[in-house]
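The numbers here are math on the coordinates, done by the rules we state, and not lab data. What you see is a predicted model, and the numbers here were worked out from it, not measured in a lab. Methodologically, a virtual Cβ is constructed for each residue, glycine included, from the backbone with ideal geometry; neighbour enumeration extends over all protein chains shown.
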Amino acid sequence: MLATYRRCLIATIAALGAGIAAGEALAADKMKLAVGQCGNWDSSPVELGVRIGAYAKHGIDVEALCTQGTGETQQAVIAGSADIGIGVGTLGALGAFAKGAPIRIVSGSATGNADFWVVKGDSPLKAIPDATAANTVAYSTNGASTHSAVLGFIRELGLKARPIATGGPAATITLLMSGQVDIGWSSPPLGFDLLDEGKIRIFARANDVPSLRGQTVRVNIANAESLKTRRDAHVRFMRGFRETIDWMYSDPKALEAYADYRKTSIANARRLRDEFFAKSALDPDTVKGMDQLMVEAVNFKYLPVPLTSVELAELVQVPLR
């Protein structure tokens, strides 16, 4: 009789434990993300963090949708179909906020810019002075960091080529190789193989633009209402995001995971991380160079005038570590 009672008690405790576990699982907060340029090293903390359980650890269930760049990402956040947008051009975010868009900057995404512009291996274009108004130069979408870089090439370095939006790097490389655009853009590691084979050559780098060096050119944004009503979930998401970045620079398995995700070699993964993305480039806790960024936003017509300190405090709401 006593043994039977004990078995029943154990079964009851186990059932309660299972119920509590199920309740905890059900309690996970779903965060919908719009991720610009999926596969970029600086946007990969989303996918890699899901793979290692960094978000689940903090009670966050991530649902991510890939976009072609800032325009699509920002629109999803503005419309409320995404809680968070990853990898939005900082100038685009400034411009949208100034126009009343319900967005807030919640972390840095990329400081400095690893994107590079390429031409076909047999192109007569060797450097920026060679391009004329008859040539075209690619960027992803309006307001994106690639758009800012192209505008910088034109304004600061004298590029004469006509800007044209081409979407993501894969689509852009296709347009370049088929002759539909003269100067394409890419983000590492996409294009490494073509560079090594001599089929394309680097024409310019985003960091060639003096005004863009050392600035946080891409940020992560949140829908203002989502941030206001679900702040705790946003804070917990950022914990997972930060922990994933730390893991990406401390565990060799991170390169294996990225190579599998990106369908590239571990050597390419290591090359892009070590040559193009110092850990400081992914610093999520600060938005660097905001004063100069606002000057550039005015110069490039994203802003009519710089934001006030009050407006900046409203726009930039990075959760404390």
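Each other residue within a Cβ distance under 10 Å of Lys199 adds +1 if Lys or Arg and -1 if Asp or Glu, for a net charge of -2.
Shape verdict for the stretch 174-245, please, from the Cα gyration tensor: rounded (a/c under 1.5), prolate (a/b greater than b/c) or oblate. Since a/c reaches 1.5 and a/b is larger than b/c, the shape of the stretch 174-245 is classed as prolate. Other residues lying with their Cβ under 15 Å from the Cβ of His147 contribute a combined charge of 0, Lys and Arg counting +1, Asp and Glu -1. About its Cα centre, the chain has a charge dipole of approximately 360 debye under the convention of +1 per Lys or Arg Cβ and -1 per Asp or Glu Cβ, with nothing else charged.
Hey, which lysines would be in cross-link range of Lys288, C-alpha to C-alpha under 25 Å, not counting anything within fewer than 8 residues on its own chain? Answer for Lys288, where 25 Å is the Cα cut-off: Lys99, Lys228, Lys279, Lys301, listed by chain and number. On a 0 to 90° scale, report how tilted helix 70-79 is relative to the longest principal axis of the chain, with both axes built from alpha carbons and the result rounded to the nearest 10. Helix 70-79 and the main axis of the chain meet at about 40 degrees. Of the listed values (i) 22.3, 94; (ii) 20.8, 80; (iii) 19.9, 62, identify the label whose number matches Rg and Dmax of the Cα atoms in Å calculated from this model. For Rg and Dmax of the Cα atoms in Å, the calculated option is (i). Summary of packing: across the peptides 253-259, 134-140, 193-199, the per-residue average of other C-beta atoms within 10 Å ranks them, highest first, as 134-140, 253-259, 193-199. Of all aspartates and glutamates in the structure, the ones whose alpha carbon falls short of 19 Å from that of Lys30, not counting any fewer than 8 places away in one chain, are Glu47, Asp61, Glu63, Asp83, Glu225, Asp232, Glu243. The spacing between the stretch 272-321 and the stretch 204-270, judged by their C-alpha centroids, is 15 Å. Sorted on the mean count of surrounding Cβ atoms within 10 Å across their residues, most packed first, peptides 152-161, 106-115 read 106-115, 152-161. When peptides 204-212, 120-128 are sorted by average Cβ neighbour count within 10 Å, with the highest value leading, the order is 204-212, 120-128.
Considering only the other residues whose Cβ falls under 12 Å of the Cβ of Leu312, what net charge follows from Lys and Arg at +1 and Asp and Glu at -1? Net charge in that neighbourhood comes out at -2. How tilted is helix 290-299 with respect to the longest principal axis of the chain? Cα atoms for both, answer in degrees (0 to 90, nearest 10). Roughly 50 degrees between the two axes.
Computed from the Cβ-Cβ distance with R0 of 41 Å, the FRET efficiency linking Asp246 to Gln180 stands at 0.50.
Taking Cα atoms only, the orientation of helix 253-262 departs from the longest principal axis of the chain by about 60 degrees. Just name one of Ala82, Pro124, Ile202: the one whose Cα is farthest towards the positive end of the charge dipole of the chain (beta-carbon charges, Lys/Arg +1, Asp/Glu -1). After comparing all options, I get Ala82.
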